[in-house]
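Read through the structure below, which is laid out as structure tokens, and then see the notes.
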């Protein structure tokens, strides 16, 4: 073997993942260039700071816990909400016999926000306080609309499309079921109000249209953001929004 | 609920991936972040994780992709034209590794992601075409086509900067 070892071969050697009698080891025994590269790679590996290992393992652990907790808590929250609905309905007087019958109960679209902080997952309600570093996720119930786009505007006027993050148009979801959207958002340290908008439509809409509406609202100022539950969109859409207040921890 | 599989992969491959990120990014702090992000991505796609025999190649690909994106986001100086003319399309040997690295970094912004990865693995890491195809899970023919594309991009870049 006359070619020098590739970086991959050097890393595989470090993991003892190459055959004992392979050409790579034979080459290494006679090549000072590759021997020096092996030594360099070994030195670099040894420089991985222990704190990186600690923080990465914690991050892996936290994410795994969040995913499990989200799967457990979200259905419980839905179940609790159903219990409330059932109890409420049993206390409502029956409709008068001459009242017009309901044709169908379609339900309302809904946006649920869950946050992860210090390994604890909790449901976020309108007006709740969150802090920088909180990791939030979304669940939506479209109630008939097959596409959703989640956007945000904060008190500093920053507009962000959260779902699809970096994407160009709204994403398809099950129109008739509650859907937990993939991915999570880590909140930055800009204090003040932030409003998250869920825009439900029967067909995909460009994220640019929503960005324009967000910028229009941003121009008015943060106080207006607190009292504006809807975006002024050019396309017909059903919207649900939720505001939270970001505080400095 | 400790995610044992992700943690095991990190403990096994973390130092190697950190060294790889250091070599690509040339920045210890950026390499630390890249290492962590690589394993968070590994965890996100754990269902697709191959058997242990092929895990290194899979994680290698994720780390490479992340680091090249990071490099792409950095603003690079234009490369002197004579350097490009010298190295463009040439199978750069390891002795020319630094120059090959500079060339690929400067072309990153103009290359599709897959071509960037191929360029890096082939010209900077010194993998042969078959190894590149194996790491990226693509055909040898695609590797050859993308390397030709790289050569054209390098010459085009050289012509533009010469004006």
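So which helices (runs of 4 or more DSSP H) stay within the stretch A:1-97 end to end and still have 3 or more residues that are within 8 Å of another protein chain (Cβ to nearest Cβ), modelled with pLDDT of 65 or more and more than 26 Å from residue A:136 (Cβ to Cβ)? Reasoning before the result, please.
On the way: elements: A:7-14, A:23-30, A:32-46, A:50-91.
In the stretch A:1-97, A:7-14, A:32-46 are the helices (runs of 4 or more DSSP H) which contain 3 or more residues that are within 8 Å of another protein chain (Cβ to nearest Cβ), modelled with pLDDT of 65 or more and more than 26 Å from residue A:136 (Cβ to Cβ).
How many residues does the stretch A:229-247 contain that are more than 21 Å from residue A:139 (Cα to Cα) and surrounded by 15 or more Cβ atoms within 10 Å (Cβ to Cβ)?
To start, the set of residues in the stretch A:229-247 that are more than 21 Å from residue A:139 (Cα to Cα) comprises A:232-236, A:247.
With the extra rule that they be surrounded by 15 or more Cβ atoms within 10 Å (Cβ to Cβ), the set shrinks to A:233.
Number satisfying all stated conditions: 1.
Yes or no: residue B:108 away from chain A (no Cβ under 13 Å) and crowded, with 18+ Cβ neighbours inside 10 Å? Before the answer, list the steps.
On the way: away from chain A (no Cβ under 13 Å): yes; crowded, with 18+ Cβ neighbours inside 10 Å: yes.
Here the answer is yes, as residue B:108 does meet what is asked.
Inside the stretch B:1-107, counting only helices (runs of 4 or more DSSP H) that do not spill past its ends, which hold 2 or more residues that are closer than 16 Å to residue A:60 by Cβ and modelled with pLDDT of 90 or more? Before you say what the answer is, go through the steps one by one.
Numbers: elements: B:4-25, B:28-44, B:52-73, B:81-87, B:97-107.
Passing ranges, in order: B:4-25, B:28-44, B:52-73.
Can you tell me which residues in the stretch B:10-32 are more than 9 Å from chain A (Cβ to nearest Cβ) and at negative phi?
First, the residues of the stretch B:10-32 that are more than 9 Å from chain A (Cβ to nearest Cβ): B:21, B:24-27, B:29-30.
Answer for the stretch B:10-32, where residues must be more than 9 Å from chain A (Cβ to nearest Cβ) and at negative phi: B:21, B:24, B:25, B:27, B:29, B:30.
If I ask for residues that are more than 20 Å from residue B:68 (Cβ to Cβ) and at pLDDT below 90, which ones from the stretch B:120-155 would you list?
If the condition is that a residue be more than 20 Å from residue B:68 (Cβ to Cβ) and at pLDDT below 90, then B:155 is the only one that fits.
Looking for whichever is in contact (Cβ under 8 Å) with a residue 12 or more places away in the chain and under 30 Å from residue B:40 (Cα atoms) here; the options are A:182, A:229, A:236, A:206. Which one fits? Write out each step before concluding.
Working: A:182 fails: in contact (Cβ under 8 Å) with a residue 12 or more places away in the chain; A:229 fails: under 30 Å from residue B:40 (Cα atoms); A:236 fails: under 30 Å from residue B:40 (Cα atoms).
A:206 is the lone residue from the list that is in contact (Cβ under 8 Å) with a residue 12 or more places away in the chain and under 30 Å from residue B:40 (Cα atoms).
The values are calculated or read from the model by the stated rules, or taken from the named source; none is laboratory data. Here the structure is a predicted model, which means the values were calculated and not measured. Glycine also receives a Cβ, built like all others from the backbone with ideal geometry; neighbour counts cover every protein chain displayed.
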